[in-house]
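Here is the structure we will look at.
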Amino acid sequence: MSSNKYIVELFEYLILASLLILLISSIYILFKSKWYYSILQIFLLGITMFLLGSFLMFYPYDFFADDLEISKNINFEKPKTKIDTLTIRKENTLEIKNGFQPGIYEFYFWYRPTEKGKLYIKTSEITKNIALSKQQIKERSLINVNPNDSLQLFHKEFKIYEGDWGKPYLAKISIYFKPDNKPEQKIIERNYIVEGWMR
């Protein structure tokens, strides 16, 4: 399976061109009163589109990080391999830990909520400010919180889908808090070097 994005793009264009020709042919045959051939071609078109969609969904390379460079002018951290959860933090603290595969991460966030609401993560690539796995990360990291007088530890796993293993790039990882019936607010943000998760 090719990992060259130009070969893959050419392959995609050839398939799309073939599908377009098949669709035009089906419409032409339909107007020539050979409707049974047209139905057969439309059926084949549907199967081909389904197979193409499945192929692209599970294609192992996405080329997202190929042209991204890690700037030396930006301060960043590497995700940790272990988090010390026994040491008491004195202020809001965000720490990121590697999961069991590249692209899978866990966040540990010490926070003192002052009102009821929801905590969640947002991530974006730093140099182009591209949102990463926007909906998936928000849904997967969502935590309901209640007011508390002391710092609490909030912890969840999340995945960054953009990119491939072995192709690191820089991302902003931010924690947001959405109080009930109020706009969301950013609580903390840190820069990390990350990789994308390959299905």
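Structural remarks
- Note on segment 68-98: among residues that are of a type in the set (A, V, I, L, M) and either part of a loop (DSSP other than H, G, I, E, B) or more than 25 Å from the chain's Cα centre (by Cα) (or both), the one that is farthest from G166 (Cα to Cα) is I88.
- Condition check for P179: more than 18 Å from the chain's Cα centre (by Cα), exposed (fewer than 13 other Cβ atoms within 10 Å of the Cβ) and either assigned by TED's automatic domain parsing to the domain that holds K97 or at negative phi (or both): no
- Here segment 119-137 is the region considered, the condition is being among the charged types (D, E, K, R) and surrounded by fewer than 17 Cβ atoms within 10 Å (Cβ to Cβ), and the residue that is farthest from the chain's Cα centre (by Cα) is K128.
- Annotation note: of V194, V145, the sole residue that is touching a Phe, Trp or Tyr at 6+ places or on another chain (Cβ under 9 Å), under 14 Å from Y105 (Cα atoms) and surrounded by 13 or more Cβ atoms within 10 Å (Cβ to Cβ) is V194.
- Selection status of G166, small (G, A, S), in contact with a Phe, Trp or Tyr (Cβ under 9 Å, 6 or more places away or on another chain), at pLDDT below 90 and within 21 Å of K78 (Cβ to Cβ): no
- Of the listed requirements (1) closer than 20 Å to L170 by Cβ; (2) in the same structural domain as E184 (by TED's automatic domain parsing); (3) of a type in the set (A, V, I, L, M), L151 misses just one: (1).
- Residues located in segment 99-112, provided they are outside any strand (DSSP E or B), on the phi < 0 side of the Ramachandran plot and surrounded by 18 or more Cβ atoms within 10 Å (Cβ to Cβ): P102
- Out of L132, L119, L94, sole residue that is of a type in the set (A, V, I, L, M), out of contact with any Gly (no Cβ under 6 Å at 6 or more places or on another chain) and either within 19 Å of E69 (Cβ to Cβ) or modelled with pLDDT under 90 (or both): L132
- Cross-chain or 6+ apart pairs with Cβ under 9 Å, segment 139-151 first and at pLDDT below 90 and among the small types (G, A, S), then surrounded by 10 or more Cβ atoms within 10 Å (Cβ to Cβ) and not in a strand (DSSP E or B): S150/R112
The values are calculated or read from the model by the stated rules, or taken from the named source; none is laboratory data. Note that the coordinates shown come from a computational prediction; the quantities given were computed from them, not determined experimentally. Ideal geometry is used to build each Cβ from the backbone, glycine not excepted, and the neighbour counts take in all protein chains shown.
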